[in-house]
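Engineer: Could you have a look at this structure, given as structure tokens, before my questions?
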Amino acid sequence: MIRMKLNKKGKWLVTLLFLIVPILFIFNSLETQPTKKVPMPTKLNDLVEAKSKQLVNEAARKGIRVVITDDFRSAKDQNALYAQGRSSDGNVVTNARGGESYHNYGLAIDFALAAPGGEQLIWDMDYDGNGNSKSDWKEVVEIAKNLGFEWGGDWAKFKDYPHLQMSFGLTINDLQNGVRPSKNGVPTNLAMKDKIVKFFKEISNI
């Protein structure tokens, strides 16, 4: 039998490892275990709302008029939208049922463009209303990404060009299991786990 001799640092790290692993396991369980007591949101997330207003204002400074066409959407409304093009008239516009969209958790918005002073919405991604030889749509997407939004046009499947969302690192499964972003946009239990991991990495280099 081979015995390994550990110095004081090694013994201390091993002891710390036995303490850290159970803690990480607990926090991982918090992320995946269903939390039935957490209610579904009923409005747009405060941070997403603030960023969407900032998006409109920053686009306006470039001479681009952005209109937010949709934001929070209830699970009931999501199911009605899912039925479109399937069991009801219209074209298919989503593959997400109720509870499967970031809209249902107040973490997504949809946008369109509009001509200055006009009421008609513009969905043309090549439209250059401010005359700078750039696509207004792509300029808005660039602003949105700088503000922390993810764009549906980057999706590999079923691209959703008007769609912008802030997932805060959460999957739909996380949200369905009751995990919610904190006021600063970071899930409390995920943030704590990251701090523990960071701490362990730092002390391992001591």
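The values are calculated or read from the model by the stated rules, or taken from the named source; none is laboratory data. As the structure is a computational prediction, the values presented were derived from the model and not from experiment. In this analysis, Cβ positions are derived from the backbone assuming ideal geometry, glycine residues included, and neighbour counts consider all displayed protein chains.
Engineer: Just need a number here: residues in segment 101-117 that are out of contact with any strand residue (DSSP E or B) (no Cβ under 8 Å at 6 or more places or on another chain) and part of a loop (DSSP other than H, G, I, E, B).
Structural biologist: 2
Engineer: Exactly one condition in (1) assigned to a helix (DSSP H, G or I); (2) under 30 Å from N177 (Cα atoms) is false for V140; which is it?
Structural biologist: All conditions are met except number (2).
Engineer: Then there is this: Answer with yes or no whether D154 is touching a Gly at 6+ places or on another chain (Cβ under 7 Å), modelled with pLDDT of 75 or more and not hydrophobic (A, V, I, L, M, F, W, C).
Structural biologist: So D154 does not fit the description; no.
Engineer: Here's another thing I want to ask about it. Of all residues in segment 33-79, which are among the basic types (K, R) and assigned to a strand (DSSP E or B)?
Structural biologist: Listed by number, the list holds a single entry, R65.
Engineer: Take N91 and tell me if it is at pLDDT below 95 and not basic (K, R).
Structural biologist: yes
Engineer: A follow-up question, please. So E202 clears everything in (1) surrounded by 14 or more Cβ atoms within 10 Å (Cβ to Cβ); (2) modelled with pLDDT under 95; (3) not hydroxyl-bearing (S, T, Y) except one condition, right? Which one?
Structural biologist: Status for E202: all satisfied but (1).
Engineer: Tell me whether segment 72-89 contains one or more residues that are in contact with a Leu (Cβ under 9 Å, 6 or more places away or on another chain), closer than 29 Å to G185 by Cβ and surrounded by fewer than 19 Cβ atoms within 10 Å (Cβ to Cβ).
Structural biologist: For segment 72-89, residues in contact with a Leu (Cβ under 9 Å, 6 or more places away or on another chain), closer than 29 Å to G185 by Cβ and surrounded by fewer than 19 Cβ atoms within 10 Å (Cβ to Cβ): absent.
Engineer: Can I ask one more? Could you tell me which residue of segment 163-181 is surrounded by the fewest Cβ atoms within 10 Å (Cβ to Cβ), considering only residues that are more than 9 Å from the chain's Cα centre (by Cα) and of a type in the set (S, T, N, Q)?
Structural biologist: Looking at the filtered set, the residue picked out is N173.
Engineer: Suppose we filter segment 127-159 for residues that are under 26 Å from the mean Cα position of the chain (by Cα) and without any contact (Cβ under 8 Å) to a residue 40 or more places away in the chain; how many remain?
Structural biologist: Of the residues in that region, 16 qualify.
Engineer: Looking at Y127, Y102, which one is surrounded by 12 or more Cβ atoms within 10 Å (Cβ to Cβ) and under 20 Å from K157 (Cα atoms)?
Structural biologist: Of the residues listed, the single one that is surrounded by 12 or more Cβ atoms within 10 Å (Cβ to Cβ) and under 20 Å from K157 (Cα atoms) is Y102.
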